[in-house]
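The structure under discussion appears below in the form of structure tokens.
The values are calculated or read from the model by the stated rules, or taken from the named source; none is laboratory data. Just so we're clear, the structure is a prediction, and the values are computed from it rather than from any experiment. Backbone-built Cβ (ideal geometry, glycine too); neighbour counts: all protein chains shown. The accessibility values were calculated without ligands, DNA or RNA, using every heavy atom of the protein model including side chains. Shrake-Rupley method; radii C 1.70, N 1.55, O 1.52, S 1.80 Å.
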Amino acid sequence: MSVSRDAAMNIAKVLTEALPYIQRFSGKTVVVKFGGNAMVDEALQNSFARDIVLMKAVGMNPVVVHGGGPQIGKLLEQLNIKSEFVDGMRVTDSQTMDVVEMVLGGSVNKQIVHLINRNGGQAFGITGKDGNLIRAKKLSVSRKTPDMQSSEIIDIGHVGDVETVNTDVIDMLTSGNFIPVIAPIGVDAQGNSYNINADLVAGKVAEVLNAEKLMLLTNVSGLQDKQGKVLTGMSTQQVDGLIEDGTIYGGMLPKISCALNAVKSGVSSAHIIDGRVAHAVLLEIFTDAGVGTLITNSGSQKTAP
């Protein structure tokens, strides 16, 4: 199919802008948390898969960690299993954990693997239980109200935190030219399974792999100030300040905390990007403007390498 001269020039401009980023990030690891609208919209699913395949094709090492909250909720509803939440986390009893494993480690994980493979990649789906990838521990949740003398410890069941990550499993896959797709399920020393927040898993995986980037796809345009303006080049100190003054609160707080911890632990940069935008991952990595919030230790604005 022929293209007009103007279209061809536009393609050349895009490739030229992308070239320094491709050169800079070749051989680097990028951990991408896949969730939100991008997981349920067919067009966005395919654009995400193509982004991941292209990253691998130009020499980067993408590692995908995925969520699946809406899919879990839908199956629980079909099975007439009631869902309860504490501070945004699903209370997970043994029956619910069985459903979580079925959805995250089964249908959702395999769907993402299929999407990437269908678009020309070589994806390999695993859960945190495979190869002892994620050693977990039970997550403790405490709550204190003004009329209480001390904090109350709340048992939310099989909800976990990451204790360790076995990088050998991921290294084996990436060195074999596979794209790891990780379901956020961990196991403790006694063999108990745990449902772990996907943002938390992505952040910890990025830390232990000493990743170049951690990218968290969201259903918002990025980190916003109190006037609703998207903030771009932010330092960890600036983000800490936004947490302290209440600009960052509620559901965005855990996500931002994962990004902050990753950057403070050696990940070069963290990105909160709008998963509702087609090819958001490529736009954030390979263009000067990007499509979200960039967090680094220096807080510099994004510029071409």
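If contacts are Cα pairs under 8 angstrom and at least 6 residues apart, what is the relative contact order of the chain in percent?
Values: 584 pairs, mean separation 67.2, N = 305.
Relative contact order, the chain: 22 percent.
At 7 Å along Cα-to-Cβ for each site, give me the label-to-label distance between S265 and V86 in nm.
Rounded to a tenth, the inter-label distance reads 2.3 nm.
In the chain, which whole DSSP H runs stretch at least 20 Å along their own axis (Cα) and average 0.0 or higher on the Kyte-Doolittle scale?
The qualifying helices are 5-25, 42-57.
In debye, nearest 20, what is the charge dipole magnitude of the chain about its Cα centre with +1 on Lys and Arg Cβ and -1 on Asp and Glu Cβ, if you could check? Kindly include the intermediate steps, with their values, before the conclusion.
On the way: 26 positive and 30 negative charges, 141 e Å.
Result for the chain is approximately 680 debye, rounded to the nearest 20.
I'd like to know which of L214, A278, P254 lies farthest towards the positive end of the charge dipole of the chain, counting +1 on Cβ of Lys and Arg and -1 on Cβ of Asp and Glu.
Positive-end residue among those listed: A278.
Along Cα→Cβ, 7 Å out, is where each label goes; now give me the distance between the ones at D93 and M172 in nm to one decimal.
The two pseudo-label positions are separated by 3.7 nm.
Using a 1.4 angstrom probe, figure out how much accessible area the chain has per residue, in square angstrom, rounded to the nearest whole. If you can, show how the numbers build up before the last one.
Details: 14540 Å² over 305 residues.
Accessible area per residue, the chain: 48 Å².
What is the dipole size for region 16-136, taken about its Cα centre, with +1 at each Lys and Arg Cβ and -1 at each Asp and Glu Cβ, in debye to the nearest 20? Can you show the working numbers first?
Values: 12 positive and 11 negative charges, 92 e Å.
The calculated dipole for region 16-136 is roughly 440 debye.
Determine the share of the chain's accessible area contributed by carbon and sulfur atoms, expressed in whole percent, with a 1.4 angstrom probe. If you can, show how the numbers build up before the last one.
Numbers: 7370 of 14540 Å².
That share works out to 51 percent.
Setting aside same-chain residues fewer than 8 positions from K138, which aspartates and glutamates have a Cα under 18 Å from its Cα?
Within the straight-line cut-off, K138 pairs with E84, D87, D93, D98, E101, E152, D155, D161, E163, D188, D199.
Rounded to the nearest 0.05, what FRET efficiency is calculated for E163 and N46 with R0 set to 45 Å and r the Cβ-Cβ distance?
Values: r = 35 Å, r/R0 = 0.79.
The calculated FRET efficiency here is 0.80.
At 1.4 Å probe size, put H66, H158 in order of accessible surface, largest to smallest. List each step's numbers first, then the result.
On the way: H66 0, H158 45 Å².
Accessible-area ranking of H66, H158, largest first: H158, H66.
Between N219 and R5, with labels modelled 7 Å along Cα→Cβ, what's the label distance in nm to one decimal, could you check?
Going by the 7 Å Cα→Cβ label model, 4.8 nm.
Quick check for me: using +1 on Lys/Arg Cβ and -1 on Asp/Glu Cβ, what's the dipole size of region 159-230 about its Cα centre, in debye to the nearest 20?
Values: 4 positive and 9 negative charges, 80 e Å.
Computed about the Cα centre, the dipole is about 380 debye.
Take the cross-link list K137/K226; K33/K74; K82/K229; K56/K110; K226/K264; K13/K110 and give me the ones stretching past 28 Å between alpha-carbons. Please report the intermediate quantities before stating the final value.
Numbers: K137/K226 36 Å; K33/K74 21 Å; K82/K229 38 Å; K56/K110 19 Å; K226/K264 25 Å; K13/K110 36 Å.
Listed pairs above 28 Å: K137/K226; K82/K229; K13/K110.
Considering only Q45, V64, L79, whose Cα is most displaced toward the positive end of the charge dipole of region 33-85, charges sitting on Cβ of Lys, Arg (+1) and Asp, Glu (-1)?
Projecting each Cα onto the dipole axis, the largest value belongs to V64.
Semi-axes of the chain's equivalent ellipsoid from the Cα gyration tensor, sqrt of 5 times each eigenvalue, largest first, rounded to whole Å?
Working: eigenvalues 207, 113, 66 Å².
They are 32, 24, 18 Å, listed largest first.
Going toward the positive end of the dipole of the chain, with +1 on Lys and Arg Cβ and -1 on Asp and Glu Cβ, which of N109, G292, G121 do you reach last?
Comparing the listed Cα positions along the dipole, G121 ranks first.
Based on the alpha-carbon gyration tensor of region 156-235 and its eigenvalue square roots a ≥ b ≥ c, which shape applies: rounded if a/c is under 1.5, prolate if not and a/b is larger than b/c, or oblate?
Numbers: a/c = 2.70, a/b = 1.46, b/c = 1.85.
Cα axes put region 156-235 in the oblate bin.
Rounded to the nearest 5, what % of DSSP beta bridges with both residues in the chain are antiparallel?
40 percent
Could you list which residues have their amide H under 5 Å from that of I179, counting only those 5 or more apart in sequence or on another chain, with H placed in the peptide plane?
Under 5 Å from the amide H of I179 lie the amide H atoms of Q122, A123, F124, each far enough along the sequence or on another chain.
Which one, V181, V263, V40, has the greatest fluctuation when you compute a Gaussian network model over the chain with C-alpha springs under 10 angstrom?
Top of the fluctuation ranking is V40.
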